[in-house]
Amino acid sequence: MTTYTSDQRRHTSVTAETMADVRYEIDRIDRLLVEILAERQSFMDAAARIKPDRSKVHDAERIEDVVAKVKAACAGAGLSPAIAEPVWRTLIDRCIAYEYGSYDARRGGDV
């Protein structure tokens, strides 16, 4: 299990009073996102290792399942689906590209 590290939180979106406060928190959150995305990326390597053939890397049904789950989680988290959906679709697209590269590297470029 990954433990995410960060500078201490100083403000909420309600208590921030200056742009320096806002920027501090955004930078702190961005560092956390990098750690979380790196963990997600590590599972692309696992998927490339586990999937039996390259044609299984892109799975349209799974993509839509992931996006639907993210959109469903938005309301409870207070995240706009208009932000979440394009972010996740881009994330998924880039993760698939990464997984293809990982898959090919594991098999010596055999496609």
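The values are calculated or read from the model by the stated rules, or taken from the named source; none is laboratory data. This one's a predicted model, so the numbers in the text were calculated from it and none came from an experiment. No Cβ is skipped: glycine too gets one built from the backbone with ideal geometry, and neighbour counts run over all protein chains shown.
Miscellaneous remarks
Listed here are the residues, each with its yes/no results for (1) aliphatic (A, V, I, L, M); (2) under 20 Å from Ile36 (Cα atoms).
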{"residue": "Ala46", "(1), (2)": "yes, yes"}
{"residue": "Pro52", "(1), (2)": "no, no"}
{"residue": "Asp59", "(1), (2)": "no, no"}
{"residue": "Ile63", "(1), (2)": "yes, yes"}
{"residue": "Gly78", "(1), (2)": "no, yes"}
{"residue": "Val87", "(1), (2)": "yes, yes"}
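- If only residues of region 1-23 that are within 30 Å of Phe43 (Cα to Cα) and of a type in the set (Ser, Thr, Tyr) are counted, the one that is modelled with the lowest pLDDT is Thr2.
- Filtering region 66-111 to residues that are of a type in the set (A, V, I, L, M) and closer than 19 Å to Asp45 by Cα leaves Val66, Leu91, Ile92, Ile96, Ala97, Ala105, Val111.
- Tally, over region 1-45, of residues that are within 16 Å of Arg94 (Cα to Cα) and of a type outside the set (Asp, Glu): 10
- A search for C-beta distances below 9 Å between a residue of region 25-53 that is under 20 Å from Arg9 (Cβ atoms) and any residue that is assigned to a helix (DSSP H, G or I) and modelled with pLDDT of 95 or more, counting only pairs 6+ apart in sequence or on different chains, returns Leu37/Leu91.
- Among the residues examined, Leu32 does not qualify as touching a Leu at 6+ places or on another chain (Cβ under 9 Å) and hydrophobic (A, V, I, L, M, F, W, C).
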